[in-house]
Amino acid sequence: MKIEKFKMQYYDEIVELWRRTGIGVGSSDTKDEVAAVLARNPNLFLIGKEDGKVLAGVIGTFDGRRGYVHHLAVDPDYQKMGYGKMIMDELIELFRNLKVHKLHLFIEKTNRNVVEFYNKLGWEIRDDLVMMSYVPNKELYKRNI
Ligand SMILES: CC(C)(COP(=O)(O)OP(=O)(O)OC[C@H]1O[C@@H](n2cnc3c(N)ncnc32)[C@H](O)[C@@H]1OP(=O)(O)O)[C@@H](O)C(=O)NCCC(=O)NCCS
C-alpha cells in the first residue's frame, strides 16, 4: 500500500470507505467541510492506495496546541494486514515533525474493540477525563447524513 496526501478527487471514494467501515458520516463530512478541513491541514489527511484503489484513510488535524486523529479506516477486505498501523505511523511522523506535544482521538464506546489496536501502537486510555461536547450551530450539525 502506498500512502499519499488526500486530494478532493478522492472524496467519493473516502466517503464510501468510511461508510463500509462503519464510520459515521455526518454534517462535518460533506464535500465543503472536508475541503475546509483539508485547507486548514493540507498535509495531515492521508490515504493508502493499492492499484489505484483507496484502501485506507485517516484525517489528522492540528489546532496549534493538540493534534487529533479522526476517521481512521482500513477497507474490511484488507484489515489485519498492517495497513492501519502503517498509515498511523506515517501520520504520527508528520505530527512529530510539526513538534506537536500530544495527540488525542475519540472512540465510540460501541467500538471499544479498537482500543486494543491503538494500545499496540502505544496509545493510552485516559480515565481522568470526561469528554463534553457543545453544538454552537444546531442548524448545521447532523450526526448522520
Ligand atoms: C481499526 C482499524 C483501522 C485497524 O486497521 P488494520 O489494518 O486492521 O490494523 P493492523 O493490521 O495495522 O493492526 C495492527 C495490530 O493491531 C491488531 N489489531 C487490529 N485490529 C484489531 C482489533 N479490532 N482488535 C484487536 N487487535 C487488533 C492487529 O492484529 C495487529 O497486531 P500485531 O501487530 O500484534 O500483529 C480497522 O480495523 C478499521 O478500519 N476498523 C473500522 C473503522 C474504525 O473503527 N476506525 C477507528 C475509529 S476510532
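I'd like the full set of residues that are among the polar types (S, T, N, Q) and in contact with a Lys or Arg (Cβ under 9 Å, 6 or more places away or on another chain), limited to region 1-27. Can you show your working first?
Looking only at region 1-27, we keep the residues that are among the polar types (S, T, N, Q), and these are 9, 21, 27.
The answer is S27, and nothing else.
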Query raised in the report: Which ones in region 90-142 are under 16 Å from I23 (Cα atoms), in contact (Cβ under 8 Å) with a residue 60 or more places away in the chain and touching a helix residue (DSSP H, G or I) at 6+ places or on another chain (Cβ under 8 Å)?
Result: K142
Query - Top-ranked residue in region 72-103 [being aromatic (F, W, Y) and either within 15 Å of the ligand (Cβ to nearest atom) or under 11 Å from L55 (Cα atoms) (or both); ranked as nearest to the chain's Cα centre (by Cα)] - result: Y83
Report summary line: Taking region 1-17 and keeping only residues that are in contact with a strand residue (DSSP E or B) (Cβ under 6 Å, 6 or more places away or on another chain), over 10 Å from G48 (Cβ atoms) and of a type in the set (V, I, T), one is left with I14
Query raised in the report: Can you name every residue in region 1-40 that is away from the ligand (no atom under 16 Å from the Cβ), surrounded by fewer than 18 Cβ atoms within 10 Å (Cβ to Cβ) and either without any contact (Cβ under 8 Å) to a residue 40 or more places away in the chain or on the phi > 0 side of the Ramachandran plot (or both)?
Result: K7, M8, Q9, Y11, D12, K31, D32, E33, A35, A36, A39, R40
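Among the residues of region 104-138 satisfying the criterion of being within 21 Å of G48 (Cα to Cα) and in contact with a strand residue (DSSP E or B) (Cβ under 8 Å, 6 or more places away or on another chain), which is farthest from the ligand (Cβ to nearest atom)? Steps first, answer last, please.
If we filter region 104-138 for residues that are within 21 Å of G48 (Cα to Cα), which is where we start, we get 105, 114, 117-118, 120-121.
In the following step, the residues that additionally are in contact with a strand residue (DSSP E or B) (Cβ under 8 Å, 6 or more places away or on another chain) were identified as 105, 118.
Details: L105: 6, Y118: 8 Å.
Here the answer is Y118.
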Requested in this report: Kindly state which strands (runs of 3 or more DSSP E) lie completely within region 1-87 and contain at least 1 residues that are more than 24 Å from N97 (Cβ to Cβ).
Outcome: 45-50, 53-62
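Taking the options A35, A73, A39, name whichever one is of a type in the set (G, A, S) and touching a strand residue (DSSP E or B) at 6+ places or on another chain (Cβ under 9 Å). Break it down stepwise before answering.
Details: A35 fails: touching a strand residue (DSSP E or B) at 6+ places or on another chain (Cβ under 9 Å); A39 fails: touching a strand residue (DSSP E or B) at 6+ places or on another chain (Cβ under 9 Å).
Result: A73 is the single residue among A35, A73, A39 that is of a type in the set (G, A, S) and touching a strand residue (DSSP E or B) at 6+ places or on another chain (Cβ under 9 Å).
Since every read-out is calculated from the coordinates, none of them should be taken as a lab result. For clarity, every value in this text was computed on a predicted model and none was experimentally measured. Every residue, glycine among them, receives a Cβ derived from its backbone with ideal geometry; neighbour counts consider all protein chains shown.
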